[in-house]
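Everything on this sheet refers to the single structure shown next.
Every number in this text was worked out from the coordinates using simple rules, so none of it is lab data. Only a predicted model underlies this, so the values are computations on that prediction, with no experimental measurement involved. In this analysis, Cβ positions are derived from the backbone assuming ideal geometry, glycine residues included, and neighbour counts consider all displayed protein chains.
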Amino acid sequence: MLILGIETAAGASSVALVEDREVVASASRAGRMGHESFLIPAIDFCFDQAGRRPHHLDLVAVDTGPGLFTGIRVGIATAQGLAAMLGVPILGASSLDALALQAATGHRRIWPVVDVRRGEVAVAGYRPVPGGVVRDSRRELVRYEHFRGILESDPNDALVVGDCGVLPPSVLRGLSRVKIGMPRYPSAASLADLVSSKAERGEFGKPEDVRPLYMREPDVTLGSVHLREGGLWR
């Protein structure tokens, strides 16, 4: 199964082609702006590098959030457009789930952090299990100091990953059971990995079924993203 992963919800954009759970091509770009101008050339690049064509695609996976509103909308609109144009299913996955899966090593409880601005972060707790992670707390939007309280009340050794750099130093200072780790951003490859099990069970979705997970009202509204003509899409 050939899956195209699209990640634009966080501070870095990425695209990956994953075949039978192996990454065959990927491209990434750091920065919170320019998602739209990056995506289609990056997708073209991945198909070219992998020696595949768009009609070989079986599934599109996209980050539905939480994260940056504009990035979420651009990613979903692009994924929906591709899925509709190629006649393939689409599945969404959460940026928090993707970060936790990438960090799933060792015994520590994982707390991914996603910056949503306005002095808030999206967080959730995950327990490592063989082959992945299981979310064992609800997703929350919290103020920085509230997150410190969550960590203080957690009796487990904790690993905090994601947008830790937006947190004031006082949030994590002095928490002896807490370590800061990687990754900083979710990856398109981890999104593809997340949806692989659903796809193998035949749990496919339609383009219109994918909805943004903003967790609050968006700051901006975007129109449709138009796929360019030419290149691999002719």
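Worth a mention:
- Between SER153 and ARG173, the simple label model (points 7 Å from Cα in the Cβ direction) yields a spacing of 2.4 nm.
- Rounded, prolate or oblate (a/c below 1.5 giving rounded, otherwise prolate when a/b exceeds b/c) for the stretch 1-133 by Cα gyration tensor: oblate
- Spin-label proximity, ASP48 to the stretch 4-25 - amide N less than 11 Å from point 7 Å beyond Cα toward beta carbon: none
- Label separation (ARG135 vs THR105): 2.4 nm, computed from points 7 Å beyond Cα along the C-beta direction.
- For the stretch 115-222, applying the loop criterion from DSSP together with a ceiling of 14 other beta carbons within 10 Å to the GluC sites (Glu not before Pro) yields GLU203.
- LEU4, LEU159, LEU213 arranged by Cβ crowding within 10 Å, fewest neighbours leading: LEU213, LEU159, LEU4
- Whole-number percent relative contact order across the chain, with pairs defined as alpha carbons under 8 Å at least 6 apart: 25
- At 1.306 mPa s and 10 °C, Stokes D of the chain from Kirkwood alpha-carbon radius, µm² per second: 89
- Compared with the dominant Cα axis of the chain, that is its longest principal axis, helix 69-86 is turned about 30°.
- Figure legend: label point modelled 7 angstrom from the Cα of GLU145 along Cα→Cβ; no residues of the stretch 175-194 have amide N under 11 Å from it.
- Candidates per trypsin sites (Lys or Arg not before Pro) in the stretch 147-182, loop by DSSP, up to 10 other Cβ within 10 Å: ARG173
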